[in-house]
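The values are calculated or read from the model by the stated rules, or taken from the named source; none is laboratory data. If you're wondering where the values come from, they're calculated on a predicted model, not measured in any experiment. Here the Cβ is made from the backbone with ideal geometry for all residues, glycine too, and neighbour counts use every protein chain on show. Ligands, DNA and RNA are excluded from the accessible area calculation, which covers all protein heavy atoms including side chains. Shrake-Rupley method; radii C 1.70, N 1.55, O 1.52, S 1.80 Å.
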Amino acid sequence: MAIGVISVGAHLPERVVTNREIAAWANVTEEWVAERTGILERRYAATGEATSDLALPAARAALGEAGPEARERLAALVVATCTPDHPQPSTAAIVQAGLGLPALPAFDVNAVCSGFLYALTLAKALLDGQPGQHALVVGADVFSTLMDRGDRKTVSLFGDGAGAVVLGPVPESYGIHASTLLANGELHDYVKVEAGGSRTPLDERARAAGEHRFRMDGRAVREYAMTTLHKVVGQTLADCGARIEDVDRFVLHQANTRLLESFAAEAGIDPDKVALTAPSLGNTAAASVPLTLHHTHHARPLERGERVLLASIGGGMTAAATLMTWY
């Protein structure tokens, strides 16, 4: 048997943050935000709501859709996040406890916005050679806690959310065919939160300097994304002997609407094949790919045999792509 996605779950916080609020925070117009990003609104977690609080409902939804056998034969839990509940323990351990799961491997993956596809690839590897076993993969982030609301280049882009999938056995010729993961660590300063780790403690000086807030070199990130997305997508397709036109649906990390439009145009992708959640959710980091997969599946259910290409770019700088056939 091959390994594929057998269920999808999602969860969004209730608070909707419109471009009117963003414009007031960042001293720009609503039109400026919409024109430059194509994002109209995003969701923010409530005060005191942590990443695991979003991850748990998404995980429960995915497990519920997969059925009781998947829960009984769960062999691993991987949580992709770069906004964990705590520096330690892992958010995965907290999610495991919240779900009431027995002892099993449970750990976090931090590849920023590429985290979910890193986690998906690792989870599949854990299942290879274990017939009948399943894995739960969650992507969740709460970027609203990191935002500098006066930074118009970043506060307009990000929102909060969680998505999850259950991996399990599917017939041969279906499921995940190939994945490409890469990191260009020499570019790690393109995206960062400087304070809160062992190099820069989160003390009064760091807070006063705003080093606990998210920073991004937007121009450099865009250039990296446009180049590297082509690279990982091309490599993954080549590994499967497939072409871009063989893909039925593209589920891409929702960095912003304009970047996705540009990438699709450059790659010669039919815009109708590209799932979009950026206009209503913004960039939800590690949650972006599973949330978008959930959205497109429920808006227009994936049919058996559809080829789906998942791809992302993240801080680090990281990139990832996965090609699968839906079962």
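Leaving out ligands, DNA and RNA, and with a 1.4 Å probe, what % of the accessible surface on the chain is carbon or sulfur? Display every interim value, and only then the final one.
Working: 6760 of 13770 Å².
Roughly 49 percent of what the probe reaches on the chain is carbon or sulfur.
Once Cα extents along the principal axes in Å is calculated for the structure shown, the corresponding label among (i) 54, 46, 37; (ii) 58, 43, 42; (iii) 47, 47, 38 turns out to be (i). Computed with a 1.4 Å probe over protein heavy atoms only, the accessible surface of segment 217-323 comes to 37 Å² per residue. Solvent-accessible surface of segment 1-153, averaged per residue with a 1.4 angstrom probe and all protein chains in place: 44 square angstrom. Contact order for the chain, expressed relative to its length and based on alpha carbon pairs under 8 Å spaced 6+ residues apart, stands at 26 percent.
Counting only DSSP beta bridges with both residues in the chain, the antiparallel share comes to about 70 percent.
Can you give the relative contact order of segment 1-141 as a percent, counting alpha carbon pairs under 8 Å and 6+ residues apart? Kindly include the intermediate steps, with their values, before the conclusion.
Numbers: 219 pairs, mean separation 38.6, N = 141.
Rounded, it is 27 percent for segment 1-141.
The distance between label points at GLN130 and ALA208 comes to 5.0 nm (points 7 Å beyond Cα on the Cα→Cβ vector). A straight Cα-to-Cα reach below 30 Å connects LYS124 with the lysines LYS192, LYS231, LYS273, residues fewer than 8 places away in its own chain not being considered.
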